[in-house]
Structures are given as structure tokens and as C-alpha cells.
Amino acid sequence: MAWLWFAPVLVLLMVVMVYPTASLVWMSLHEMKFFQTTKFVGLQNYKDVISSDGFSDLVSVSFMFVGGTLVLALTIGLGTALLVQSLGKRTAGAVRTILLLPWTLSMTVVGCLWLWLLNPSYGPVKYAMSKLGMESGLMLGNPDAALPLVIIAAAWWSFPYAMVLVAAALQSVPKELYNAVDIDGGAGIHRFRYVTWPHVAPTLGSTGLALAITYFTLVSLIIVMTGGGPLGATTTFSFAIFKETVQSVDISPAAVISMIILFANIVLGVIYKFVAAKAHHAS
Amino acid sequence: MSAPTAELVVIGDDASIAPKSSTAQPAQDRTPIRRVGARKVLVAVLCAVVVLVVLAPIIWAILTSVKNEVQAVTYPPVFWPDPFSVSAFKRVLTGQNFLVELFNSVLYSFSSVAVALLVGAPAGYAAARLSFKGKDAIMLVILATSMIPTVALLVPIYGLLDRFALVNSAIALITIEAARIAPQTVWFIQAFVKTVPSEIDRAAEIDGASRLRIFVSVVLPLIKPGLAAVFILGLITVWNDYLTVAVFAPDATRRTLQVAIVNQVLDSNGISWSYMMAFVLVASAPVVLMFLATQRWFVSGLLAGGVKG
């Protein structure tokens with residue numbers, strides 16, 4: 001009767017996760033009118049979505065968003081972890097707490113804060129740029145600038161997560177290894193390259209995957225900051241699903257895109273499990 | 001939501017990120033003390049700059065929230081509020097729907113975390129302590145569901161709710177939110193139960209206690225910090241959620257503070273910025289205060305793999 005311990009949670013997950021996943025697969029193979037399946041069309045929906053005009057933009061925006069935010073957040077996370085580590089005990093705790101603040105905020109709130117900072121008429125960023133003799137233009141309203149600005153906001157929100165995990169990995173580095181580098185006459189850069197880096201690299205890998213999953217499925221920040229625009233410049237897969245679910249009559253394209261997200265997430269999640277297990281063994 | 005690692009690393013409080021003496025001491029042997037001092041100053045200055053840059057968006061929001069509406073939108077921007085005005089906060093707190101939105105935020109987050117713990121804790125205990133045929137399969141299902149993002153299920157869940165006339169149902173919403181955090185709850189509890197020596201279970205068993213009794217009266221009290229970590233991370237995840245509530249319960253009476261924020265941004269009448277910033281600060285205050293009060297658990301939760309999303 002041991003499985004009874006799992007019964008409540010399994011019932012919950014079956015109803016809210018497993019059944020809807022199965023019905024998503026079913027929907028993606030049908031022509032739909034609102035939420036009614038009208039005709040079985042096999043893989044036609046997939047063909048339509050993948051060959052549609054907007055698809056390549058969707059792919060490139062999603063990848064640029066995930067990749068760009070990852071690079072920025074991991075770099076800042078690693079940098080701040082190293083910086084905080086070299087502080088005195090008390091200050092380190094206080095600084096870490098302060099730097100964690102963005103991560104506790106909702107993406108909706110983060111979006112609002114940045115929307116205001118980047119306001120093209122009254123914002124402090126516009127003011128600072130004009131002081132430096134730069135033209136700020138429409139900022140989030142500029143198709144070329146919108147995605148990088150959303151990336152900055154997303155990285156601001158999420159770098160603390162990387163910082164905490166890297167800081168934990170740094171603690172596991174045996175001090176003797178640094179002494180060994182010193183005895184061999186190594187400089188600071190050698191300490192980082194040969195001692196710190198091998199110890200934090202697996203953690204950066206697993207953290208990066210966890211964050212990639214988060215970025216890939218992030219919607220609210222984009223809703224608030226740009227609404228997917230201008231001209232689709234910030235429309236990722238996940239945002240497209242949100243828009244289609246809310247607005248469309250034929251929701252099968254949204255079902256197909258949902259399948260793509262689902263598949264990508266499971267692949268990333270499985271890789272994450274392996275890398276995280278490895279990162280754990282390394283430390 | 002990502003796959004949480006089963007292993008638990010608990011970072012201590014301040015002591016945990018103590019300076020590695022190795023970074024300073026061996027250098028001291030070879031370099032003059034003056035250079036070490038210069039390095040310390042450099043680190044301190046760099047830290048101050050980083051802290052300021054990271055906090056800037058929040059500081060600017062606070063400053064804007066206590067300006068009057070005209071001053072909030074002057075250009076070039078005025079740094080210090082003059083006159084200092086709390087009218088934006090008054091307007092937020094006395095707003096027409098504010099109490100309903102606050103109530104919903106509290107209701108959804110506390111109820112769904114309670115449900116997730118109620119169904120997840122026994123599973124987490126069993127995952128750590130019992131072994132039986134089929135357990136691996138069950139754990140795989142739980143792991144797999146933790147990899148399914150809410151956004152991918154918007155379409156089918158909406159269809160399901162629509163069919164049973166459950167769109168705008170608070171109970172349905174709480175169930176969905178509970179399911180979102182249930183997998184991480186199971187993994188967490190499992191990891192925390194594993195830190196309790198199983199000899200304790202055995203001793204209670206010899207005394208004639210049933211499994212359920214052991215779980216409720218012996219093990220649960222021992223993993224209180226773990227329960228607190230699960231509780232806080234779950235609460236923050238649901239409190240901060242926009243998507244689930246906005247899509248599955250769009251009715252005005254079902255809105256949360258997060259949904260209200262987005263509606264104001266999208267309001268065609270334009271945004272009143274001092275009001276907006278005051279609203280955002282009020283909506284964030286509970287989670288920020290909770291985080292400050294319990295940050296040690298929060299951090300141990302992050303390390304145990306509770307990624308929100």
C-alpha cells in the first residue's frame with residue numbers, strides 16, 4: 001500500500017499536468033474552432049506553423065533572448081559571486097542580501113520598474129544618455145533596441161540566482177589548491193583559470209540550463225515592457241502562445257507552439273538533471 | 001519550473017560566504033601590506049558601485065512614488081521629491097479594487113502552498129523512506145511534470161476549464177497553482193527527510209508507532225526549516241504569478257495585485273507614474289519583507305533547486 005503516500009500528489013498532477021499535456025498533443029493534430037476539435041489533420045498544423053512567415057523570426061527572437069540573457073546574467077552572477085566572496089564576513093552577508101532583492105520581485109514588477117527607467121520622454125536613462133551626448137530615441141519603441149533592453153531587465157532580475165549558486169560552488173574549492181598555485185608562483189589569473197574555474201564551470205552549466213528554461217517560458221516581463229513589439233521584435237515562442245490563447249479563433253497554431261516549448265523544456269530539463277548531478281559530484 | 005536536484009546544500013548565514021583566507025593570506029606573505037590595503041579599498045568601492053547599480057531601479061521607483069504626479073513626469077528628471085508626497089500611496093490603498101486584489105493574492109498563494117504541502121509532504125517522506133515496486137516510475141512522473149512549463153499548458157487547461165465552466169473559479173485556480181509547485185515540494189521534502197537519520201524512524205517503529213504517526217509526529221517536526229523553505233518559495237512563486245491568474249481567471253473580482261499591475265500598464269488612459277510605482281512597491285512589499293525575514297531558508301531553497309518560472 002506504499003503507493004498510497006503518492007496518491008494525492010499523483011491525482012493532482014494527473015488532472016492539472018498529465019491530462020492537459022495529452023489533450024495538447026491531441027489538439028495539435030486537429031483543426032480547432034476555439035476549444036472544439038473539428039477535424040483530424042495529422043501533422044498539417046506543424047507544417048503550417050513551421051512554414052509560416054513569422055516562424056523564423058520567432059525562432060531567432062527566442063534564441064537571441066535566451067542566449068543574450070544567459071550570457072549577461074551568468075557573467076554578472078559570476079562577477080558578483082567572486083566580488084562578494086572577497087569581502088569581510090559581515091559585509092558579505094549584507095551585500096548578498098541586497099543583491100538578491102531583484103530575484104524576489106515578480107516579472108510584472110520588474111517590467112514596470114524598467115518601463116519607467118526607460119521611459120522615452122521622462123526617464124532617467126534618457127537623461128543620462130543625453131548628458132553623455134547620446135541619442136536615446138524611442139528605446140523600447142525602437143525595433144532594434146527593444147530586445148537588448150528586455151534582455152538587460154531579465155538579466156537584472158535573474159543574475160542573483162546565478163550569484164547564489166556560484167557562491168556555494170566557490171565555497172567548495174579546497175584552499176590548498178590556491179596555496180599550490182601560489183607555491184608554483186602563479187598569478188591571480190592562474191588562480192582563477194586553474195582552481196576557481198574548474199570548480200565553478202559545472203555549476204555555471206547547470207545554472208545556465210535552469211535559467212534557460214526560465215527565460216524560454218517567460219511571458220509577463222515581455223507583456224509589460226513591449227507587448228511583443230515593436231513589429232514583433234520581442235515576440236518569443238512563449239509570448240506567442242499567450243497572445244494566441246487570448247486572441248485566436250483557431251488555437252491549433254498555439255497548440256503547436258506549446259508542443260515546441262514543451263519539447264524544448266523537457267530536453268533542457270533532462271540535460272539539466274545530468275549536468276546538475278555532475279556538478280554535484282564535482283563539488 | 002526546472003528539475004530540482006534532489007541533493008540539498010544548505011548555505012549557512014553570513015558565515016557561509018566568509019572570505020577565503022587563502023585569497024588574502026598567501027599574497028600577504030609576498031606583497032607589501034600597502035598593496036593589500038589598496039586591494040581592499042578597490043573591492044569595497046567596486047562593491048558599492050555594484051550595489052548602487054543593482055538597486056537603482058528600486059531606488060528610482062521609491063523616489064517616484066513619493067513625488068506628486070506633476071513632478072514625477074518633469075524633464076529633466078528631478079532626483080529628490082519636493083514636495084514629499086504620500087498621496088500616491090493613499091490612492092493605492094484606498095483604490096476601488098485594491099482590497100479585493102490583495103485578498104485574492106493572499107488567498108491564492110496561501111491556499112495553493114497549503115494544498116501543495118498537504119499532498120506533497122507525504123510523497124516526499126515516502127520517496128525518502130519507503131522502497132517498493134513502481135516507486136521509480138512514480139518519481140519519474142513527478143520529475144517529468146516539473147519540466148512542463150505553465151505557458152505550454154495554457155491552451156489545453158483553458159479548454160478543460162471552459163468545458164466544465166470553471167474559468168474564473170478560485171478553487172480551480174488554487175488547484176492549478178498547487179500543481180505548479182507540487183513537484184518541487186516533493187523533491188524538497190524528500191531531500192530534507194533524507195537529512196534525518198532513519199534510526200529515529202526505526203526507534204519510533206519499535207515503540208509501536210505507525211508509519212503515518214512517525215511521519216506526522218516525529219519526522220515533520222524535525223524538518224521544520226525545510227518546510228519553511230518550501231512554504232516561502234511556494235508563496236513567492238504564486239504571489240508573483242501573473243500568467244495563470246490572468247488567463248484562467250480574467251474576471252475583475254478574481255484579479256490579484258500582479259494582474260492589476262499589468263492592467264494599469266495596458267490602460268489606454270495612460271500611466272500615472274507615481275501611482276504606478278507606489279502600487280508596484282505595495283504589491284512587492286509582502287514578498288520582500290518575507291524574504292528579508294527568512295533569507296537563510298530562501299537561499300537554501302534556491303540551492304535545493306527551487307527555480308521559479
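What follows is calculated from the coordinates using simple rules that are stated; it is not laboratory data. Just so it is clear, the model here is predicted, and its values are computed rather than measured. Using ideal geometry, Cβ is built from the backbone for each residue, glycine included, and neighbour counts are taken over all protein chains shown.
Brief remarks on what is shown
- Residues with amide H under 5 Å from that of residue B:249, placed H, sequence gap 5 or more: B:168
- Full extension of the chain segment joining residue B:271 with residue B:162 gains 36.0 nm, where the gain is 0.36 nm per residue of separation less the Cα-Cα distance.
- Approximate spin-label separation residue A:271-residue A:31, in nm, with each point projected 7 Å along Cα-to-Cβ: 3.8 nm
- Within the range A:198-218: backbone nitrogen closer than 15 Å to the residue A:180 label point (7 Å, Cα to C-beta): A:198-200
- Average other protein chain Cβ within 10 Å of Cβ, residues B:251-258: 1
- Per-residue mean of C-beta atoms belonging to partner chains within 10 Å, peptide B:262-268: 3
- Gain on full stretching of the segment that runs from residue B:209 to residue B:94 - 0.36 nm per residue minus C-alpha separation: 36.0 nm
- Whether chain B is rounded, prolate or oblate, judged on the alpha carbon gyration tensor where a/c under 1.5 counts as rounded: oblate
- Here the contact order of chain B, divided by its residue count and restricted to Cα pairs under 8 Å and six or more residues apart, works out to 36 percent.
- Arranged from fewest to most other beta-carbon atoms within 10 Å of their beta carbon, B:64, B:150, B:256 become B:150, B:64, B:256.
- Inter-probe distance in nm under a simple model that places probes 7 Å from Cα toward Cβ, at residue B:170 and residue A:101: 3.3 nm
- Residues B:254, A:96 in ascending order of nearby Cβ atoms (within 10 Å, fewest first): B:254, A:96.
- Here the range B:207-267 and the range A:1-60 have alpha carbon centers that stand 26 Å from each other.
- Once the C-beta distance of residue B:45 and residue A:152 is scaled by a Förster radius of 30 Å, the resulting FRET efficiency is 0.80 to the nearest 0.05.
- Screening chain B for whole DSSP H helices with an alpha carbon extent of at least 15 angstrom along the helix axis and a mean Kyte-Doolittle hydropathy of at least 1.0 yields B:33-65, B:98-129, B:135-146, B:170-194, B:224-239, B:273-293.
- Rounded to the nearest 0.05, the FRET efficiency derived from the C-beta distance between residue B:263 and residue B:55 at R0 = 25 Å is 0.35.
- Straight-line cross-link reach from residue B:90 at under 27 Å between alpha-carbon atoms covers these lysines, not counting any fewer than eight positions away in the same chain: B:67.
- Ranked list, fewest to most other Cβ atoms within 10 Å of each Cβ, for B:136, A:182: B:136, A:182
- Taking packing as the residue-averaged number of other Cβ atoms within 10 angstrom, the listed peptides A:104-111, A:17-24 run from highest to lowest as A:104-111, A:17-24.
- Amide H partners (placed H, <5 Å) of residue A:30, local residues excluded: A:41
- Pair residue A:22, residue A:130: separation of 7 Å Cα→Cβ label points (nm): 6.1 nm
- Shielding score for A:178-190, defined as the mean number of other chain Cβ atoms within 10 Å: 2
- Three-way shape call for the range A:43-282 based on the alpha-carbon gyration tensor, with the a/c threshold at 1.5: oblate
- Sequence-distant lysines (8 or more away, or on other chains) whose Cα lies within less than 26 Å of residue B:224: B:135, B:194, B:308
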